[in-house]
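For reference, the structure is listed below as structure tokens.
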């Protein structure tokens with residue numbers, strides 16, 4: 001499977017198909033508009049504040065030498081979700097932080113799982129061994145995605161949940177959900 005320039009299909013729980021492709025710097029504007037379109041609660045759960053700097057987040061999510069982003073596109077090219085991994089400094093490119101956001105109307109249809117699975121697959125191929133995420137304790141849906149789909153460990157670290165799982169866990173999610 002190669003995400004270099006192609007879009008690859010993924011099927012959601014309700015049978016809808018989305019196209020998954022790598023993001024590029026040219027996607028920055030679409031990412032900004034997507035993030036601006038999320039409800040305040042979704043932004044709070046993703047960025048730990050409803051007043052996130054979406055312009056900066058879009059820029060950092062688009063692409064870069066230390067990060068890989070994926071986009072989920074619906075009919076007509078509508079941006080429905082996004083995932084990114086970013087190398088954690090001082091880890092020798094062995095650990096990366098992963099983040100995902102899904103359009104409000106698609107929560108619960110498996111798109112988050114699909115995006116994490118695909119970005120983990122790329123991370124593993126790129127030599128990353130461990131993925132981490134920070135999740136607010138009240139973001140139960142996201143915590144369940146990580147724990148049920150990727151057998152992630154979750155530890156409370158102050159006011160956040162620190163999630164960790166091997167990049168190779170994408171195979172487990174794929175076997176469980178066939179995404």
Can you tell which of 53, 66 is loosely packed, with under 14 Cβ neighbours inside 10 Å, in contact with a strand residue (DSSP E or B) (Cβ under 6 Å, 6 or more places away or on another chain) and within 24 Å of residue 87 (Cβ to Cβ)?
-> 66
For the range 38-70, name all the residues that are assigned to a helix (DSSP H, G or I) and at pLDDT below 85.
-> 59, 60, 61, 62
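How many of the residues in the range 74-104 are assigned to a helix (DSSP H, G or I) and either more than 25 Å from residue 52 (Cα to Cα) or in contact with a strand residue (DSSP E or B) (Cβ under 9 Å, 6 or more places away or on another chain) (or both)?
Start the filter on the range 74-104 by keeping residues that are assigned to a helix (DSSP H, G or I), which leaves 75-77, 104.
Checking which are either more than 25 Å from residue 52 (Cα to Cα) or in contact with a strand residue (DSSP E or B) (Cβ under 9 Å, 6 or more places away or on another chain) (or both) leaves us with 75-77.
The qualifying residues number 3.
Output yes when any residue across the range 115-124 is in a loop (DSSP other than H, G, I, E, B), free of Cβ contacts under 8 Å to residues at least 60 places away in the same chain, in contact with a helix residue (DSSP H, G or I) (Cβ under 7 Å, 6 or more places away or on another chain) and more than 16 Å from residue 10 (Cα to Cα), and no when none is. I'd like the intermediate steps shown before the answer.
Applying the first criterion (in a loop (DSSP other than H, G, I, E, B)) to the range 115-124 yields none.
No - not one qualifying residue is present in the range 115-124.
Is at least one residue of the range 138-150 closer than 22 Å to residue 59 by Cβ and in contact with a strand residue (DSSP E or B) (Cβ under 9 Å, 6 or more places away or on another chain)? Give the derivation first.
Pass one, the range 138-150, residues closer than 22 Å to residue 59 by Cβ: none.
No, the range 138-150 has no match at all.
The values are calculated or read from the model by the stated rules, or taken from the named source; none is laboratory data. On a predicted model such as this, the values are computed, not experimentally measured, just so you know. We place every Cβ from the backbone using ideal geometry, glycine too, and count neighbours over all the protein chains shown.
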